[in-house]
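Below is one structure, written out as structure tokens, with a few remarks after it.
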Amino acid sequence: MKLLVSISAVVILVAGYAVVAADSATLVQLDSKDFGDANCFVNMKIVEFERNTNTSKLRFTRMKRGSSVGTSMFIMRGFYEAAKARGAEYFVNLKEWDDKDGTRIFIAGFTNTKDADLKKEFGEEYDYNNEYGQKRIFISISQLKVLFEKPKSRI
């Protein structure tokens, strides 16, 4: 009986690790070097390091300062890729802060409901306005495809 219980415990642990490993494999990771434009993207990375039901935490790392527009577009691309990986049409930046290691952490929210109620969809801890008083808005991945996807050939 003890052997059966021990084997069952090991099987449960191994199965749990397998699920974690499979989920970890799908997390989004972008490196600016992969885009080949050193003038716009200056050695930046964005990594989805935690995925929950309808939110993700993303870590943004920048080795050198680049253009503010290029940096913003790179961060948006990270959110876009995470939304695509989840099969969500809309995303929103729920919260951001500088981590103690100098990186920037973002909490992104994902939904398929246009203009979803932020607090009902993601929780009471998130405000309708960002720290600058601006209303948080949902971005559609369908609208961003023109920026981030290669056009299909018309031949």
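Any read-out appearing in this document is the output of simple, stated calculations on the displayed coordinates, not a laboratory observation. For clarity, every value in this text was computed on a predicted model and none was experimentally measured. Positions of Cβ are backbone-derived with ideal geometry, glycine not excepted, and every protein chain shown enters the neighbour counts.
Structure data summary
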item	result
Matching option when the condition is over 23 Å from residue 115 (Cβ atoms) and over 12 Å from the mean Cα position of the chain (by Cα), among 47, 69	69
Positions within the range 120-148 being more than 17 Å from the chain's Cα centre (by Cα) and closer than 13 Å to residue 83 by Cβ, in sequence order	143
Filter result for residue 130 (within 17 Å of residue 30 (Cβ to Cβ) and polar (S, T, N, Q))	no
